[in-house]
Amino acid sequence: MTSPSATAVKPSAATAPAALPAALSTPGHDVGLLILRLVLGLTMAAHGSQKLFGWFGGGGIGGTGRFFTASGYPAGDAMAVLAGLTETLGGLGLAVGLLTPLAGAAVVGTLINAIAVHGAGSFFAPQGIEYELLLTAGAAALALTGPGRYAVDRFLPVLRAHRLTHGALAVALGVVLAGALLLVRG
């Protein structure tokens, strides 16, 4: 005769971690991440389109290039294209949840430069850095947490199960590249 505890299937240590992400990924969590991704990503894509195409009252490559030159960056037009593409593609990547760690890192790197250009004279808008800081924190949070269930990344094998290391390495890359651009700024 066997006891109920001897015949019951006990969860093994190997199955416990697989159950953890499902428990953390609730519909509310996933919808919240989707809303954050859409708003932050589309906001950044709109800023990038201002730089690239002059849309939404932006300066286009010429006007943005002059701004970059006046801010101390060499090759202002090239910097305008780089910033515009980074904001547009990084923003769209965040919005649809495609390569989310890299998209978040692209936005983080761009915004570190924006904060440096604004300076630390004030925290509050319109002259302060609160807007850029909020966007930076949101992009870093998305890179670290992952895009949630409603994202293209779910179809990419390497990113299907988001790993904190992917996000941390991507954010570190964004910070390093932003620092390199700031060194070029002079």
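If only residues of region 139-158 that are of a type in the set (A, V, I, L, M, F, W, C) and farther than 18 Å from T26 by Cα are counted, the one that is most open to solvent (accessible area, probe 1.4 Å) is F155.
Being part of a helix (DSSP H, G or I), more than 22 Å from L42 (Cα to Cα) and not aromatic (F, W, Y) is the requirement here; does A116 meet it? Yes.
Can you name every residue in region 20-34 that is modelled with pLDDT of 75 or more and open to solvent by 70 Å² or more (accessible area, probe 1.4 Å)? Please lay out each step first, then the result.
Filtering region 20-34 for residues modelled with pLDDT of 75 or more gives 26-34.
Across region 20-34, the qualifying residues are P27, H29.
Among the residues making up region 113-138, those that are more than 24 Å from L33 (Cα to Cα), open to solvent by 60 Å² or more (accessible area, probe 1.4 Å) and out of contact with any helix residue (DSSP H, G or I) (no Cβ under 7 Å at 6 or more places or on another chain) are A120, G121, P126, Q127. The set of residues in region 64-77 that are assigned to a helix (DSSP H, G or I) and surrounded by fewer than 14 Cβ atoms within 10 Å (Cβ to Cβ) contains only A70.
Under 14 Å from A114 (Cα atoms) and either touching a Cys at 6+ places or on another chain (Cβ under 8 Å) or hydrophobic (A, V, I, L, M, F, W, C) (or both): is that true of A83 in this structure?
Working: under 14 Å from A114 (Cα atoms): yes; either touching a Cys at 6+ places or on another chain (Cβ under 8 Å) or hydrophobic (A, V, I, L, M, F, W, C) (or both): yes.
Yes: the conditions hold for A83.
Scanning region 46-57 for residues being surrounded by 15 or more Cβ atoms within 10 Å (Cβ to Cβ) and either touching a Lys or Arg at 6+ places or on another chain (Cβ under 6 Å) or not small (G, A, S) (or both) gives a total of 4.
Looking at region 153-175, which of the residues that are in a helix (DSSP H, G or I) and not hydrophobic (A, V, I, L, M, F, W, C) is modelled with the highest pLDDT?
To start, the set of residues in region 153-175 that are in a helix (DSSP H, G or I) comprises 153-155, 164-175.
Applying the additional criterion that residues be not hydrophobic (A, V, I, L, M, F, W, C) yields 153-154, 165-167, 174.
Numbers: D153: 91, R154: 89, T165: 90, H166: 89, G167: 93, G174: 97.
Only one residue tops the list, namely G174.
Within region 152-170, residues that are in contact (Cβ under 8 Å) with a residue 40 or more places away in the chain reach partners that are part of a loop (DSSP other than H, G, I, E, B) with beta carbons closer than 6 Å, at six or more positions or on different chains, in the pairs V152/G97; V152/L98; D153/G97; D153/P147; D153/L159; R154/R160; H162/G146.
The values are calculated or read from the model by the stated rules, or taken from the named source; none is laboratory data. Predicted model only: the values in this text are computed from it and were never measured. Heads up, the Cβs are rebuilt from the backbone with ideal geometry, glycines too, and the neighbour counts pull from every protein chain shown. Surface accessibility is based on the protein's heavy atoms, side chains included, excluding ligands, DNA and RNA. Shrake-Rupley method; radii C 1.70, N 1.55, O 1.52, S 1.80 Å.
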